[in-house]
Amino acid sequence: MIPGVIAPLTAAAFLILATRPSSLPVTLLRLIEEADLIVLANVEGVGGKLNAVRAIYGDRANPPPEAVPVKVEAGETSVALLRIERVLKGNAEPNNRIRVPFLGSTGCPKPVRYLAAESVLVFLRKNAAGWRTCHRGDGTRVINEPVDIETYSDRIRELLNIIERDDENERGAETIDWLVRCIEHPTTRWDGAYELCGVLKIGFSRREQPFEASLDDLSQAQRARILHTFMSSRSEELGSRELGELVAAFYDAQRIKQRLSDLGGLRLYDEAIARSARSTMLELVDLLGWPEGREIAQSLVLGENTPRAQAKARFQIVRNFRREALKRERLCSRRVKRR
């Protein structure tokens with residue numbers, strides 16, 4: 001069950017989380033909800049708060065309006081000038097410029113980092129002094145490839161639509177599937193795996209969760225997608241540790257071995273047994289996160305009055321499937337153990 005799902009996905013609850021100091025990282029889900037403005041921007045310049053005009057514009061006699069000294073708060077040492085290229089949440093116009101003061105030193109929480117000429121995805125909150133980066137360094141994502149911004153754009157649009165749902169259970173179920181989609185793409189894999197581990201109470205301690213769920217709320221199809229991603233990913237990729245923890249929590253080696261055993265020695269000329277075998281094969285496809293095996297399973301022809309030759313063909317298909325599934329099971333078990 002998913003009690004009170006996404007109840008904290010409200011401005012008040014997230015404001016409490018945002019203002020509470022913590023060294024724990026902040027995921028995409030939280031940034032999307034908390035930000036007043038999300039933009040893809042180009043960093044046109046970075047300067048000290050007392051000399052921002054000269055640092056950004058040199059010695060030009062008449063700097064543009066956005067170069068007029070900006071109001072800074074205690075501790076802020078630098079100002080970034082951002083030219084908006086694309087708006088993903090909030091009200092702003094492309095090609096407009098905004099200035100974002102920030103604390104440019106190292107420390108914990110993660111410091112903000114703006115470098116001139118970089119393309120960045122920025123999550124901003126507005127206060128009485130102007131725009132500020134959400135959760136300091138966690139509130140910026142450097143965009144290196146065009147596919148990255150398209151992935152972020154899709155996930156942001158999807159979550160904003162989910163948050164608008166009236167039914168809490170519906171929001172919870174859709175958010176879990178949204179986290180699985182995050183896991184499936186390298187750009188957002190850590191965000192999805194870290195948040196989903198927290199929601200399901202798997203692994204190391206995390207901050208307050210936006211909602212609570214259990215492994216029972218993770219469907220077999222979703223588990224298959226996660227396992228397939230795990231088996232296709234590299235151990236050095238960001239999010240691999242959290243992904244390994246997640247898979248280890250639901251990977252059912254005993255059930256897999258039992259289903260593999262069920263496929264041995266079947267009388268496949270019997271229609272009921274053939275249907276059961278096909279169902280077991282499709283179950284193994286999901287249990288092993290093995291979409292390539294689905295085509296083999298679906299090639300098992302079903303029909304009444306099966307001639308002996310067709311029964312032999314069924315036997316060959318099941319035998320081939322079982323052999324390949326055993327290989328997959330060994331690979332999965334080894335990878336899960338050394339996660």
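One residue stands out in region 281-300 among those that are in a helix (DSSP H, G or I) and surrounded by 21 or more Cβ atoms within 10 Å (Cβ to Cβ): the one that is nearest to the chain's Cα centre (by Cα), namely Leu287. Is there a residue being surrounded by 21 or more Cβ atoms within 10 Å (Cβ to Cβ), touching a residue at least 24 places away in the same chain (Cβ under 8 Å), over 27 Å from Lys337 (Cα atoms) and not polar (S, T, N, Q) anywhere in region 191-203? Taking every residue of region 191-203 in turn, none turns out to be surrounded by 21 or more Cβ atoms within 10 Å (Cβ to Cβ), touching a residue at least 24 places away in the same chain (Cβ under 8 Å), over 27 Å from Lys337 (Cα atoms) and not polar (S, T, N, Q). One residue stands out among those in region 8-39 that are β-branched (Val, Ile, Thr), part of a helix (DSSP H, G or I) and at pLDDT below 95: the one that is surrounded by the fewest Cβ atoms within 10 Å (Cβ to Cβ), which is Thr19. From the set of residues in region 247-274 that are outside any helix (DSSP H, G or I) and surrounded by fewer than 13 Cβ atoms within 10 Å (Cβ to Cβ), which is nearest to the chain's Cα centre (by Cα)? Filtering first and then ranking leaves Asp252. A search for C-beta distances below 7 Å between a residue of region 241-257 that is of a type in the set (Asp, Glu) and any residue that is surrounded by fewer than 20 Cβ atoms within 10 Å (Cβ to Cβ) and modelled with pLDDT under 95, counting only pairs 6+ apart in sequence or on different chains, returns Glu242/Gly203; Glu245/Ile202; Glu245/Gly203. Strands (runs of 3 or more DSSP E) fully within region 74-165 that include at least 3 residues being outside the structural domain of Asp191 (by TED's automatic domain parsing) and in contact (Cβ under 8 Å) with a residue 60 or more places away in the chain: 78-89, 119-127. If the condition is being polar (S, T, N, Q) and more than 17 Å from Glu85 (Cα to Cα), then region 95-132 contributes Ser105, Thr106, Asn127.
The one condition from (1) in contact with a Pro (Cβ under 9 Å, 6 or more places away or on another chain); (2) over 30 Å from Glu168 (Cα atoms); (3) surrounded by fewer than 20 Cβ atoms within 10 Å (Cβ to Cβ) that Gln209 does not meet is (2). Of the listed requirements (1) modelled with pLDDT of 90 or more; (2) over 23 Å from Leu29 (Cα atoms); (3) buried (at least 19 other Cβ atoms within 10 Å of the Cβ); (4) of a type in the set (Gly, Ala, Ser), Ala117 misses just one: (3). The single residue among Ala309, Ala277, Ala313 that is assigned to a helix (DSSP H, G or I), farther than 26 Å from Lys337 by Cβ and touching a helix residue (DSSP H, G or I) at 6+ places or on another chain (Cβ under 6 Å) turns out to be Ala277. Within region 216-241, the set of residues being out of contact with any Asp or Glu (no Cβ under 9 Å at 6 or more places or on another chain), closer than 17 Å to Glu195 by Cβ and assigned to a helix (DSSP H, G or I) comprises Asp217, Phe230, Ser240, Arg241.
Evaluate the following for Glu184: is it touching a helix residue (DSSP H, G or I) at 6+ places or on another chain (Cβ under 7 Å), of a type outside the set (A, V, I, L, M) and not assigned by TED's automatic domain parsing to the domain that holds Ser279? It is true that Glu184 is touching a helix residue (DSSP H, G or I) at 6+ places or on another chain (Cβ under 7 Å), of a type outside the set (A, V, I, L, M) and not assigned by TED's automatic domain parsing to the domain that holds Ser279.
The values are calculated or read from the model by the stated rules, or taken from the named source; none is laboratory data. Owing to the predicted nature of the structure, the values given are computational and were not obtained by experimental measurement. In this analysis, Cβ positions are derived from the backbone assuming ideal geometry, glycine residues included, and neighbour counts consider all displayed protein chains.
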